[in-house]
Every structure is written in C-alpha cells, then in structure tokens.
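Colleague: I'd like to ask you about the structure that follows.
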Amino acid sequence: MPQDIASMHMTHLAHLLEVSSHGHFKKEEAKELRVLAQKSICTSDSALSIPITHSIAQIELLDSQLDRVESEMADIRKFNDSVIMTILGIGYINGGMILGEIGNIHRFSNPSKLLAFAGLDPSVYQSGNFSAKYTRMSNRGCRVLRYALMNTAHNVVKSNATFKAFYDAKVTEGRTHYNTLGHCAGKLVRVIWKMLTDEVEFNLN
C-alpha cells in the first residue's frame with residue numbers, strides 16, 4: 001500500500017527494493033518510489049498511484065526475466081559439460097541448438113535415425129545401374145538442428161584435418177560446396193551420435 005511505502009525507513013525500503021529487483025533498483029529509485037507514495041496518500045487523485053503500480057509491475061517483470069536468464073545460464077552450464085563441446089569450432093550457440101533439438105540421444109538407436117531426424121539423409125536417385133552423382137538434401141527433419149549442424153560442419157572443416165580431407169575429396173569428385181558441406185554434416189552427425197552415446201570426447205586427428 002502507498003502509506004506503507006511512505007512511512008517505511010529509507011534504508012529498509014532501499015534494501016527491500018534492491019533485493020526484490022536483484023540489484024536493478026537501488027537507493028535512488030527507492031527515494032523516487034517513496035516520494036510517489038507520499039504524494040499518493042496526500043491527495044485524493046488516484047491517478048498518482050499509477051506510477052507506483054507501474055514500478056511494482058516493472059520489478060515483477062524484471063524478477064521473472066532474471067529467473068528465465070538464470071535458467072538459461074544453467075542450461076549453458078549443462079552444454080559446457082557436454083562432450084560435444086570438445087569439438088573445435090562448435091560454439092555455444094550451435095552446441096546449444098544441437099543438444100536442445102536432439103534431447104536424449106538414446107531416442108536414436110543408431111546414427112541413421114539421428115541423420116533422418118536432422119533431415120540430412122540424402123535422396124539418391126537411381127536408374128538401373130546408374131547412381132546420381134549429385135544428391136538432393138531432404139526437406140524433412142528438424143530445420144533448427146540441420147541449420148546448427150551445417151554451421152558446425154563448416155567450422156569443423158576449417159579446424160579439423162580429417163574433415164578437411166573428407167571435404168576436399170568430395171569437392172574433387174565434382175560436388176558443389178553446399179552438397180559437400182551436407183556430406184560433412186552427415187559425417188558430423190555420426191560422430192556426435194557416437195560421442196553422446198558412449199560419452200567420449202572428440203578425437204579424429
């Protein structure tokens with residue numbers, strides 16, 4: 001109530017406000033809040049109580065936002081502990097998206113199922129003994145996961161000799177950059193599946 005705020009000792013009000021807002025509001029804001037409360041109880045104009053209500057709403061909003069940020073920070077710590085973060089070039093954003101979309105790796109009994117889930121299984125057209133040289137990436141699967149895997153594959157090719165050799169071999173076959181990167185992402189899926197299933201760190205050098 002405004003009268004409670006108006007009569008509250010400044011030190012106590014400042015402390016209460018700082019704790020409630022997780023440090024966002026300090027003594028200056030407490031002074032402003034008490035002035036508003038004093039004005040509110042000294043007049044019959046109820047409109048003056050609106051700033052106080054607004055300030056309280058701001059505190060509650062900031063409090064909920066801080067809770068969400070703290071939750072996200074906890075998730076980041078989980079990502080940091082994951083074995084896939086030992087892949088040079090994966091990064092927190094791509095790593096977080098990959099882990100978030102995969103969830104429990106044991107949902108996928110083999111890497112082919114994870115590959116299909118990501119939509120990275122190539123659609124190869126065959127006619128008799130003819131196998132298409134160029135493959136079309138499937139439009140099925142999780143787009144967010146596929147996006148993160150393609151980004152990560154691009155970085156891994158630049159930082160890992162095994163993936164770079166694999167990329168160069170595909171390019172030598174006459175494949176386009178994007179097509180080759182899709183194959184690299186598929187190879188990365190198999191590596192990630194093994195890493196998460198057996199809890200082993202990345203080591204392909």
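Read-outs throughout are calculated quantities, based only on the coordinates presented, and are distinct from any laboratory measurement. It should be emphasised that the depicted structure is a prediction, and the values quoted were computed from it without experimental measurement. Here Cβ is always computed from backbone atoms with ideal geometry, including for glycine, and neighbour counts include all displayed protein chains.
Colleague: Quick one: which of 185-193, 81-89 comes out on top by average Cβ neighbours within 10 Å, and what's the full order, highest first?
Modeller: Working: 185-193: 21.9, 81-89: 16.2.
Ranked from most to least packed, the peptides come out as 185-193, 81-89.
Colleague: Out of residues 5 or more away from ASP121 or on other chains, whose amide H comes under 5 Å of its own, with H placed 1.01 Å from N in the peptide plane?
Modeller: SER138
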